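Reading through the C-alpha coordinates given below for one structure.
The values are calculated or read from the model by the stated rules, or taken from the named source; none is laboratory data. The structure presented is a predicted model; accordingly, all values stated were derived computationally and were not measured. Positions of Cβ are backbone-derived with ideal geometry, glycine not excepted, and every protein chain shown enters the neighbour counts. All accessible areas refer to the heavy atoms of the entire protein, side chains included, with ligands and DNA or RNA removed. Shrake-Rupley method; radii C 1.70, N 1.55, O 1.52, S 1.80 Å.
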Amino acid sequence: MTGPLTHPALAAADPELAGLVTAEERLQAETLRLIPSENYVSAAVLEASGTVLQNKYSEGYAGRRYYEGQQVVDRVERLATDRAKALFGVDHANVQPYSGSPANLAVYLAFARPGDTVMGMALPMGGHLTHGWGVSATGTWFRGVQYGVRRDTGLVDFDEVRDLALKERPKVIFCGGTALPRTIDFPAFAEIAREAGAVLVADIAHIAGLVAGGAHPSPVPHVDVVSTTTHKTLRGPRGAMLMCRGEHAGAIDRAVFPGLQGGPHNQTTAAIAVALHEASRSSFRDYAHQVVANARALAAALLDRGFDLVSGGTDNHLVLIDLTGRGVPGKAAAKALDRAGIVVNHNTVPYDPRKPFDPSGIRVGTPSLTSRGLGTEHMAAVAEWIDRGVTAAHGGDEDALAAIRAEVADLMARHPAPGIPA
Ligand SMILES: Cc1ncc(COP(=O)(O)O)c(C=O)c1O
(Lines give C-alpha, C1' and ligand atoms only; values in the text may rest on other atoms or scores of the structure.)
Protein backbone atom coordinates (compact mmCIF):
# COMPACT_ATOMS: atom_id res chain seq x y z
CA MET A 1 0.00 0.00 0.00
CA THR A 2 1.60 3.24 -1.07
CA GLY A 3 -0.95 5.46 0.72
CA PRO A 4 -0.11 4.74 4.36
CA LEU A 5 3.61 4.75 3.56
CA THR A 6 3.57 7.86 1.40
CA HIS A 7 1.05 9.88 3.39
CA PRO A 8 1.47 8.62 6.97
CA ALA A 9 -0.16 11.57 8.74
CA LEU A 10 -3.09 11.51 6.37
CA ALA A 11 -3.51 7.77 6.71
CA ALA A 12 -3.54 8.07 10.50
CA ALA A 13 -5.92 11.04 10.65
CA ASP A 14 -8.28 10.17 7.83
CA PRO A 15 -7.83 6.67 6.43
CA GLU A 16 -10.86 7.04 4.20
CA LEU A 17 -9.42 10.05 2.40
CA ALA A 18 -5.92 8.53 2.38
CA GLY A 19 -7.40 5.51 0.63
CA LEU A 20 -8.92 7.75 -2.03
CA VAL A 21 -5.57 9.47 -2.63
CA THR A 22 -3.92 6.07 -3.01
CA ALA A 23 -6.64 4.98 -5.41
CA GLU A 24 -6.08 8.10 -7.52
CA GLU A 25 -2.33 7.44 -7.51
CA ARG A 26 -2.96 3.91 -8.79
CA LEU A 27 -5.37 5.18 -11.45
CA GLN A 28 -2.86 7.76 -12.69
CA ALA A 29 -0.04 5.22 -12.60
CA GLU A 30 -1.83 2.43 -14.44
CA THR A 31 -3.67 4.33 -17.16
CA LEU A 32 -2.55 6.01 -20.35
CA ARG A 33 -3.55 9.60 -19.75
CA LEU A 34 -4.12 11.39 -23.04
CA ILE A 35 -6.07 14.45 -21.90
CA PRO A 36 -3.94 17.25 -23.43
CA SER A 37 -4.54 19.68 -20.57
CA GLU A 38 -3.23 17.26 -17.96
CA ASN A 39 0.24 16.21 -16.91
CA TYR A 40 2.27 14.67 -14.09
CA VAL A 41 4.04 17.23 -11.90
CA SER A 42 7.42 16.35 -10.43
CA ALA A 43 7.80 15.20 -6.84
CA ALA A 44 9.41 18.60 -6.14
CA VAL A 45 6.37 20.52 -7.41
CA LEU A 46 4.09 18.23 -5.39
CA GLU A 47 6.12 18.83 -2.24
CA ALA A 48 6.19 22.60 -2.71
CA SER A 49 2.41 22.71 -3.12
CA GLY A 50 1.92 20.95 0.22
CA THR A 51 3.97 23.20 2.49
CA VAL A 52 3.27 25.54 5.46
CA LEU A 53 3.07 28.40 2.97
CA GLN A 54 -0.55 27.20 2.97
CA ASN A 55 -0.96 28.79 6.42
CA LYS A 56 -0.18 32.38 5.44
CA TYR A 57 -2.44 35.24 4.41
CA SER A 58 -0.72 37.80 2.18
CA GLU A 59 -3.20 40.05 0.37
CA GLY A 60 -1.32 42.56 -1.77
CA TYR A 61 2.01 42.19 -3.52
CA ALA A 62 5.59 41.70 -2.33
CA GLY A 63 6.57 44.75 -0.28
CA ARG A 64 2.97 46.06 -0.30
CA ARG A 65 0.90 43.69 1.86
CA TYR A 66 -2.13 44.11 4.06
CA TYR A 67 -0.86 41.57 6.62
CA GLU A 68 2.42 41.31 8.51
CA GLY A 69 4.79 38.35 8.72
CA GLN A 70 5.62 38.38 4.98
CA GLN A 71 9.40 38.05 5.36
CA VAL A 72 9.43 34.71 3.57
CA VAL A 73 6.29 34.89 1.43
CA ASP A 74 7.54 38.06 -0.28
CA ARG A 75 10.71 36.23 -1.25
CA VAL A 76 8.73 33.25 -2.57
CA GLU A 77 6.52 35.45 -4.70
CA ARG A 78 9.46 37.51 -6.01
CA LEU A 79 11.26 34.31 -6.92
CA ALA A 80 8.25 33.08 -8.88
CA THR A 81 7.69 36.38 -10.71
CA ASP A 82 11.41 36.80 -11.51
CA ARG A 83 11.55 33.27 -12.91
CA ALA A 84 8.41 33.85 -14.99
CA LYS A 85 9.84 37.08 -16.42
CA ALA A 86 13.13 35.42 -17.29
CA LEU A 87 11.59 32.28 -18.79
CA PHE A 88 9.02 34.05 -20.97
CA GLY A 89 10.99 37.26 -21.61
CA VAL A 90 8.27 39.57 -20.31
CA ASP A 91 8.40 42.91 -18.47
CA HIS A 92 5.91 41.94 -15.80
CA ALA A 93 4.41 38.80 -14.29
CA ASN A 94 1.61 38.27 -11.81
CA VAL A 95 1.57 34.75 -10.35
CA GLN A 96 -1.48 35.17 -8.12
CA PRO A 97 -4.49 34.19 -10.29
CA TYR A 98 -6.15 31.17 -8.73
CA SER A 99 -6.54 29.45 -12.09
CA GLY A 100 -6.93 30.11 -15.81
CA SER A 101 -10.55 31.24 -15.72
CA PRO A 102 -10.06 33.89 -13.01
CA ALA A 103 -6.89 35.02 -14.80
CA ASN A 104 -8.89 35.67 -17.94
CA LEU A 105 -11.63 37.41 -15.99
CA ALA A 106 -8.96 39.70 -14.52
CA VAL A 107 -7.92 40.64 -18.05
CA TYR A 108 -11.46 41.79 -18.88
CA LEU A 109 -11.63 43.68 -15.59
CA ALA A 110 -8.40 45.45 -16.52
CA PHE A 111 -9.34 46.50 -20.05
CA ALA A 112 -13.12 46.44 -20.52
CA ARG A 113 -16.34 47.60 -18.86
CA PRO A 114 -19.58 45.60 -18.65
CA GLY A 115 -21.36 45.63 -21.99
CA ASP A 116 -18.19 46.29 -24.00
CA THR A 117 -17.47 44.14 -27.02
CA VAL A 118 -14.83 41.45 -26.62
CA MET A 119 -13.65 38.92 -29.15
CA GLY A 120 -12.32 35.37 -29.06
CA MET A 121 -12.51 32.03 -30.77
CA ALA A 122 -15.87 30.27 -30.46
CA LEU A 123 -15.92 27.38 -27.99
CA PRO A 124 -17.06 24.76 -30.54
CA MET A 125 -14.22 25.86 -32.83
CA GLY A 126 -11.57 25.24 -30.17
CA GLY A 127 -11.72 28.44 -28.11
CA HIS A 128 -12.20 28.53 -24.34
CA LEU A 129 -15.37 29.39 -22.42
CA THR A 130 -13.67 32.48 -21.01
CA HIS A 131 -13.02 33.94 -24.47
CA GLY A 132 -16.49 35.51 -24.51
CA TRP A 133 -18.65 32.41 -24.97
CA GLY A 134 -22.32 32.94 -24.05
CA VAL A 135 -22.70 30.66 -21.03
CA SER A 136 -19.56 32.12 -19.39
CA ALA A 137 -19.60 35.31 -17.33
CA THR A 138 -17.29 36.67 -20.03
CA GLY A 139 -20.03 36.31 -22.64
CA THR A 140 -22.78 37.50 -20.28
CA TRP A 141 -21.21 40.63 -18.81
CA PHE A 142 -19.54 41.53 -22.09
CA ARG A 143 -20.75 41.38 -25.68
CA GLY A 144 -18.81 38.44 -27.05
CA VAL A 145 -18.18 38.21 -30.78
CA GLN A 146 -16.58 35.03 -31.99
CA TYR A 147 -14.37 33.86 -34.83
CA GLY A 148 -13.77 30.29 -35.93
CA VAL A 149 -11.80 28.10 -38.27
CA ARG A 150 -12.43 27.38 -41.93
CA ARG A 151 -14.60 24.36 -42.66
CA ASP A 152 -12.27 23.12 -45.41
CA THR A 153 -8.91 23.50 -43.63
CA GLY A 154 -9.71 23.60 -39.91
CA LEU A 155 -7.42 26.65 -39.70
CA VAL A 156 -8.09 30.21 -38.53
CA ASP A 157 -9.25 32.44 -41.37
CA PHE A 158 -7.40 35.71 -40.74
CA ASP A 159 -9.49 37.58 -43.33
CA GLU A 160 -12.57 36.68 -41.27
CA VAL A 161 -10.84 37.70 -38.02
CA ARG A 162 -9.79 41.05 -39.51
CA ASP A 163 -13.26 41.79 -40.98
CA LEU A 164 -14.92 40.95 -37.67
CA ALA A 165 -12.45 42.98 -35.61
CA LEU A 166 -12.74 46.06 -37.84
CA LYS A 167 -16.55 45.81 -37.90
CA GLU A 168 -17.04 45.14 -34.17
CA ARG A 169 -14.09 47.12 -32.73
CA PRO A 170 -13.66 44.91 -29.62
CA LYS A 171 -11.85 46.28 -26.59
CA VAL A 172 -10.07 42.96 -26.09
CA ILE A 173 -9.15 40.17 -28.52
CA PHE A 174 -8.20 36.72 -27.25
CA CYS A 175 -6.13 34.34 -29.34
CA GLY A 176 -5.34 30.79 -28.35
CA GLY A 177 -7.69 28.10 -27.18
CA THR A 178 -8.34 24.72 -25.75
CA ALA A 179 -8.65 22.39 -28.73
CA LEU A 180 -6.31 23.93 -31.30
CA PRO A 181 -3.94 21.45 -32.92
CA ARG A 182 -2.06 24.07 -34.95
CA THR A 183 0.50 26.82 -34.35
CA ILE A 184 -1.03 30.11 -33.24
CA ASP A 185 0.06 32.94 -35.53
CA PHE A 186 0.66 35.65 -32.92
CA PRO A 187 2.09 38.26 -35.36
CA ALA A 188 -1.02 37.94 -37.57
CA PHE A 189 -3.32 38.50 -34.59
CA ALA A 190 -1.14 41.41 -33.44
CA GLU A 191 -1.50 43.18 -36.78
CA ILE A 192 -5.28 42.85 -36.63
CA ALA A 193 -5.47 44.00 -32.99
CA ARG A 194 -3.37 47.03 -33.88
CA GLU A 195 -5.68 47.93 -36.79
CA ALA A 196 -8.74 47.48 -34.58
CA GLY A 197 -7.27 49.32 -31.58
CA ALA A 198 -7.82 46.31 -29.31
CA VAL A 199 -5.79 44.89 -26.46
CA LEU A 200 -4.46 41.53 -27.64
CA VAL A 201 -4.31 38.66 -25.17
CA ALA A 202 -2.58 35.36 -25.94
CA ASP A 203 -4.09 32.59 -23.84
CA ILE A 204 -1.28 30.05 -23.91
CA ALA A 205 -2.74 27.86 -21.16
CA HIS A 206 -2.29 24.73 -23.26
CA ILE A 207 1.03 25.49 -24.88
CA ALA A 208 2.91 27.38 -22.14
CA GLY A 209 5.36 24.52 -21.69
CA LEU A 210 5.93 24.33 -25.43
CA VAL A 211 6.58 28.08 -25.57
CA ALA A 212 8.94 27.89 -22.58
CA GLY A 213 10.76 24.97 -24.17
CA GLY A 214 11.01 26.60 -27.60
CA ALA A 215 8.67 24.10 -29.28
CA HIS A 216 6.03 26.72 -30.18
CA PRO A 217 6.66 30.37 -31.21
CA SER A 218 6.37 32.81 -28.32
CA PRO A 219 3.61 35.41 -28.18
CA VAL A 220 6.24 37.83 -26.80
CA PRO A 221 6.69 40.61 -27.94
CA HIS A 222 3.65 40.51 -30.22
CA VAL A 223 0.82 40.66 -27.69
CA ASP A 224 -0.14 42.99 -24.84
CA VAL A 225 -0.96 40.32 -22.29
CA VAL A 226 -0.13 36.63 -21.95
CA SER A 227 -2.50 34.53 -19.87
CA THR A 228 -1.61 30.99 -18.92
CA THR A 229 -2.46 28.21 -16.58
CA THR A 230 0.55 26.60 -14.94
CA HIS A 231 -0.71 23.01 -14.77
CA LYS A 232 -0.79 21.83 -18.37
CA THR A 233 2.30 21.51 -20.58
CA LEU A 234 4.17 23.78 -18.15
CA ARG A 235 3.97 20.92 -15.62
CA GLY A 236 3.32 23.06 -12.56
CA PRO A 237 0.61 23.13 -9.90
CA ARG A 238 -2.99 24.08 -10.64
CA GLY A 239 -2.69 27.85 -10.95
CA ALA A 240 -2.20 30.63 -13.46
CA MET A 241 -0.09 33.63 -14.40
CA LEU A 242 -0.68 36.89 -16.23
CA MET A 243 2.30 38.42 -17.98
CA CYS A 244 2.37 41.71 -19.82
CA ARG A 245 4.21 44.72 -21.13
CA GLY A 246 5.34 47.16 -18.47
CA GLU A 247 2.69 49.70 -19.46
CA HIS A 248 -0.09 47.27 -18.46
CA ALA A 249 1.47 46.07 -15.18
CA GLY A 250 -0.58 48.32 -12.91
CA ALA A 251 -3.89 47.51 -14.61
CA ILE A 252 -3.24 43.76 -14.48
CA ASP A 253 -2.11 43.79 -10.84
CA ARG A 254 -5.07 45.91 -9.71
CA ALA A 255 -7.48 43.64 -11.57
CA VAL A 256 -6.16 40.48 -9.89
CA PHE A 257 -6.00 42.11 -6.44
CA PRO A 258 -8.07 43.84 -5.19
CA GLY A 259 -10.25 43.64 -8.30
CA LEU A 260 -11.05 39.96 -8.29
CA GLN A 261 -9.24 38.02 -5.60
CA GLY A 262 -8.25 38.12 -1.96
CA GLY A 263 -5.23 36.33 -0.54
CA PRO A 264 -2.95 34.53 -2.98
CA HIS A 265 -2.40 30.78 -2.57
CA ASN A 266 1.21 30.96 -1.43
CA GLN A 267 1.76 27.21 -1.55
CA THR A 268 0.78 27.34 -5.22
CA THR A 269 3.07 30.32 -5.82
CA ALA A 270 5.93 28.25 -4.38
CA ALA A 271 5.12 25.29 -6.61
CA ILE A 272 4.88 27.60 -9.64
CA ALA A 273 8.37 28.86 -8.79
CA VAL A 274 9.66 25.28 -8.74
CA ALA A 275 7.95 24.44 -12.04
CA LEU A 276 9.44 27.56 -13.67
CA HIS A 277 12.87 26.56 -12.39
CA GLU A 278 12.40 23.09 -13.89
CA ALA A 279 11.15 24.59 -17.15
CA SER A 280 14.29 26.70 -17.50
CA ARG A 281 16.49 23.60 -17.76
CA SER A 282 17.70 22.13 -21.03
CA SER A 283 15.98 18.84 -20.15
CA PHE A 284 12.66 20.69 -20.28
CA ARG A 285 13.45 21.93 -23.79
CA ASP A 286 13.99 18.29 -24.73
CA TYR A 287 10.68 17.43 -23.05
CA ALA A 288 8.76 20.14 -24.94
CA HIS A 289 10.16 19.06 -28.30
CA GLN A 290 9.46 15.42 -27.49
CA VAL A 291 5.82 16.26 -26.67
CA VAL A 292 5.43 17.69 -30.18
CA ALA A 293 7.36 14.86 -31.87
CA ASN A 294 5.14 12.35 -30.06
CA ALA A 295 1.94 14.16 -31.06
CA ARG A 296 3.08 14.30 -34.69
CA ALA A 297 3.93 10.57 -34.63
CA LEU A 298 0.58 9.78 -32.99
CA ALA A 299 -1.27 11.86 -35.59
CA ALA A 300 0.57 10.09 -38.42
CA ALA A 301 -0.24 6.67 -36.95
CA LEU A 302 -3.91 7.62 -36.54
CA LEU A 303 -4.06 8.88 -40.13
CA ASP A 304 -2.54 5.56 -41.28
CA ARG A 305 -5.44 3.86 -39.55
CA GLY A 306 -7.95 6.00 -41.42
CA PHE A 307 -8.89 8.39 -38.63
CA ASP A 308 -10.16 11.83 -39.60
CA LEU A 309 -8.13 14.52 -37.81
CA VAL A 310 -9.26 18.14 -37.56
CA SER A 311 -6.86 20.23 -39.70
CA GLY A 312 -5.29 16.99 -40.92
CA GLY A 313 -2.74 16.64 -38.10
CA THR A 314 -0.97 18.64 -35.45
CA ASP A 315 1.84 21.13 -34.82
CA ASN A 316 1.67 20.95 -31.05
CA HIS A 317 0.71 18.59 -28.23
CA LEU A 318 -2.83 17.65 -29.21
CA VAL A 319 -4.82 15.85 -31.85
CA LEU A 320 -8.53 16.36 -32.39
CA ILE A 321 -10.18 13.25 -33.83
CA ASP A 322 -13.51 13.48 -35.67
CA LEU A 323 -15.17 10.08 -35.18
CA THR A 324 -18.15 10.72 -37.45
CA GLY A 325 -16.84 8.27 -40.04
CA ARG A 326 -16.38 5.57 -37.40
CA GLY A 327 -20.04 5.65 -36.41
CA VAL A 328 -19.25 6.16 -32.70
CA PRO A 329 -20.06 9.45 -30.94
CA GLY A 330 -17.21 11.04 -29.00
CA LYS A 331 -18.70 10.41 -25.57
CA ALA A 332 -19.31 6.68 -26.15
CA ALA A 333 -15.78 6.35 -27.52
CA ALA A 334 -14.27 8.23 -24.56
CA LYS A 335 -16.16 6.07 -22.06
CA ALA A 336 -15.11 2.85 -23.81
CA LEU A 337 -11.47 4.00 -23.95
CA ASP A 338 -11.68 4.81 -20.24
CA ARG A 339 -12.68 1.18 -19.61
CA ALA A 340 -9.65 0.22 -21.69
CA GLY A 341 -7.34 2.27 -19.45
CA ILE A 342 -6.97 5.12 -21.95
CA VAL A 343 -8.17 8.45 -20.58
CA VAL A 344 -9.35 11.01 -23.14
CA ASN A 345 -12.13 13.60 -23.27
CA HIS A 346 -14.99 13.90 -25.71
CA ASN A 347 -14.80 17.13 -27.67
CA THR A 348 -16.74 19.11 -30.23
CA VAL A 349 -15.18 19.35 -33.66
CA PRO A 350 -15.58 22.49 -35.80
CA TYR A 351 -19.08 22.66 -37.35
CA ASP A 352 -20.14 19.72 -35.17
CA PRO A 353 -23.73 18.73 -35.91
CA ARG A 354 -23.95 17.06 -32.48
CA LYS A 355 -24.50 18.71 -29.07
CA PRO A 356 -21.49 19.75 -26.88
CA PHE A 357 -22.36 17.20 -24.18
CA ASP A 358 -22.32 14.39 -26.74
CA PRO A 359 -20.16 15.65 -29.60
CA SER A 360 -18.51 13.96 -32.58
CA GLY A 361 -14.90 13.99 -31.47
CA ILE A 362 -12.31 13.08 -28.91
CA ARG A 363 -9.24 15.12 -27.97
CA VAL A 364 -5.96 13.37 -27.26
CA GLY A 365 -2.54 14.74 -26.33
CA THR A 366 0.97 13.73 -25.43
CA PRO A 367 2.11 15.87 -22.43
CA SER A 368 1.51 13.17 -19.81
CA LEU A 369 2.85 10.17 -21.68
CA THR A 370 5.96 12.16 -22.59
CA SER A 371 6.49 12.95 -18.90
CA ARG A 372 6.57 9.17 -18.38
CA GLY A 373 9.32 8.81 -20.96
CA LEU A 374 7.31 7.41 -23.85
CA GLY A 375 8.75 8.28 -27.26
CA THR A 376 7.77 8.28 -30.92
CA GLU A 377 8.44 4.53 -31.05
CA HIS A 378 5.42 3.97 -28.77
CA MET A 379 2.92 6.02 -30.75
CA ALA A 380 1.99 3.24 -33.20
CA ALA A 381 0.85 1.16 -30.22
CA VAL A 382 -1.12 4.09 -28.77
CA ALA A 383 -2.86 4.62 -32.12
CA GLU A 384 -3.59 0.90 -32.36
CA TRP A 385 -5.16 0.88 -28.88
CA ILE A 386 -7.31 3.89 -29.77
CA ASP A 387 -8.35 2.15 -33.01
CA ARG A 388 -9.19 -1.13 -31.27
CA GLY A 389 -10.96 0.75 -28.46
CA VAL A 390 -13.15 2.74 -30.86
CA THR A 391 -13.96 -0.46 -32.80
CA ALA A 392 -14.83 -2.21 -29.51
CA ALA A 393 -17.03 0.75 -28.54
CA HIS A 394 -18.89 0.35 -31.82
CA GLY A 395 -19.38 -3.37 -31.31
CA GLY A 396 -19.92 -3.29 -27.52
CA ASP A 397 -16.97 -5.67 -27.10
CA GLU A 398 -16.04 -5.46 -23.41
CA ASP A 399 -13.52 -8.33 -23.69
CA ALA A 400 -11.55 -6.36 -26.27
CA LEU A 401 -11.52 -3.33 -23.95
CA ALA A 402 -10.27 -5.48 -21.05
CA ALA A 403 -7.49 -6.87 -23.25
CA ILE A 404 -6.35 -3.35 -24.17
CA ARG A 405 -6.43 -2.35 -20.50
CA ALA A 406 -4.00 -5.16 -19.63
CA GLU A 407 -1.61 -4.18 -22.45
CA VAL A 408 -1.75 -0.52 -21.40
CA ALA A 409 -1.06 -1.38 -17.74
CA ASP A 410 1.92 -3.46 -18.83
CA LEU A 411 3.51 -0.57 -20.74
CA MET A 412 2.70 1.90 -17.96
CA ALA A 413 4.36 -0.36 -15.37
CA ARG A 414 7.56 -0.07 -17.39
CA HIS A 415 7.34 3.74 -17.46
CA PRO A 416 6.71 5.00 -13.90
CA ALA A 417 4.90 8.32 -13.61
CA PRO A 418 6.79 11.25 -12.05
CA GLY A 419 5.63 12.13 -8.55
CA ILE A 420 3.87 8.80 -8.00
CA PRO A 421 5.51 6.14 -5.85
CA ALA A 422 6.03 2.90 -7.75
C1 LIG B 1 -7.08 27.98 -23.19
C2 LIG B 1 -7.58 27.87 -21.80
N3 LIG B 1 -7.74 28.98 -21.08
C4 LIG B 1 -8.20 28.94 -19.83
C5 LIG B 1 -8.50 27.74 -19.23
C6 LIG B 1 -9.08 27.76 -17.85
O7 LIG B 1 -8.26 27.24 -16.90
P8 LIG B 1 -8.83 26.70 -15.51
O9 LIG B 1 -9.49 25.40 -15.79
O10 LIG B 1 -7.61 26.61 -14.67
O11 LIG B 1 -9.79 27.72 -14.99
C12 LIG B 1 -8.32 26.56 -19.93
C13 LIG B 1 -8.65 25.26 -19.29
O14 LIG B 1 -8.68 24.24 -19.89
C15 LIG B 1 -7.85 26.62 -21.26
O16 LIG B 1 -7.70 25.52 -22.00
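What does the charge dipole of the chain about its Cα centre add up to, to the nearest 20 debye, if the Cβ of each Lys and Arg holds +1 and the Cβ of each Asp and Glu holds -1?
On the way: 39 positive and 44 negative charges, 128 e Å.
Here the chain has a charge dipole of around 620 debye.
Which of the three applies to region 16-159, rounded, prolate or oblate, going by the alpha-carbon gyration tensor with a ≥ b ≥ c and a/c under 1.5 meaning rounded?
Working: a/c = 2.09, a/b = 1.27, b/c = 1.64.
Verdict is oblate for region 16-159.
Determine the dipole magnitude for region 194-353: charges of +1 sit on the beta-carbon of Lys and Arg, -1 on that of Asp and Glu, nothing else is charged, the reference point is the Cα centre, and the result goes in debye to the nearest 20. Each step should come with its number before you reach the end.
On the way: 14 positive and 13 negative charges, 87 e Å.
Computed charge dipole of region 194-353: roughly 420 debye.
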What accessible surface, in Å², does a 1.4 Å probe find on residue 399, ignoring ligands, DNA and RNA and rounding to the nearest 10?
120 Å²
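Filter the trypsin sites (Lys or Arg not before Pro) in region 364-422 down to the DSSP loop ones having no more than 10 other Cβ atoms within 10 Å, then list what survives.
On the way: sites: 372, 388, 405, 414; in loops: 372, 414.
Qualifying residues, ordered by number: 414.
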Between rounded, prolate and oblate, where does region 290-413 land on the alpha carbon gyration tensor, with a ≥ b ≥ c its root eigenvalues, rounded for a/c under 1.5, else prolate if a/b exceeds b/c?
oblate
Quick one, can you get me the convex hull of the C-alpha atoms of region 81-129 expressed as volume per residue in Å³?
114 Å³
Between 34, 180, 411, find the one with the highest GNM mean-square fluctuation for the chain; connect C-alpha pairs within less than 10 Å.
411
Run the helix sum for the chain: -39,500 (n - 2.57) per DSSP H stretch of 4+ residues, divided by residue count, reported at 222 nm to the nearest 500 deg cm²/dmol.
-13000 deg cm²/dmol
Tell me, what ³J(HN,Hα) does each residue in region 322-331 have, in order and in whole Hz, if you take phi through Karplus 6.51 cos²θ - 1.76 cosθ + 1.60 with θ = phi - 60° and put x for Gly and Pro?
8, 8, 3, x, 8, x, 10, x, x, 5
Note to self: C-alpha centroids of region 26-84 and region 301-334 sit apart, in Å, by 35 Å
List the residues whose amide H sits under 5 Å from the amide H of residue 143, counting only those 5 or more places along or on another chain, with H placed 1.01 Å from N in the peptide plane.
115, 116, 117, 118
When Rg is the radius of gyration of the Cα atoms in the chain and Rh is its Kirkwood radius, what does Rg/Rh come to?
0.97
Dipole of region 48-279 [Lys/Arg +1, Asp/Glu -1 at C-beta], most positive-end residue of 234, 132, 118:
234
Between 226, 107, 95, which gets the highest mean-square fluctuation from a Gaussian network model of the chain, Cα cutoff 10 Å?
107
If you put +1 on each Lys and Arg Cβ and -1 on each Asp and Glu Cβ, how big is the dipole of region 290-413 around its Cα centre, in Debye rounded to 20?
320 debye
For residue 347, which sequence-distant residues (separation of 5 or more, or a different chain) have an amide H within less than 5 Å of its own amide H, given hydrogens modelled in the peptide plane?
361, 362, 363
Hz values of 3J(HN,Hα) by residue in region 410-422 - Karplus curve (6.51, -1.76, 1.60), Gly and Pro given as x:
5, 5, 5, 4, 8, 9, x, 7, x, x, 10, x, 6
Cα shape, region 118-234, gyration tensor, a/c 1.5 rule:
rounded
Accessible area (Å², per residue) of the chain, counting only protein heavy atoms and a probe of 1.4 Å:
41 Å²
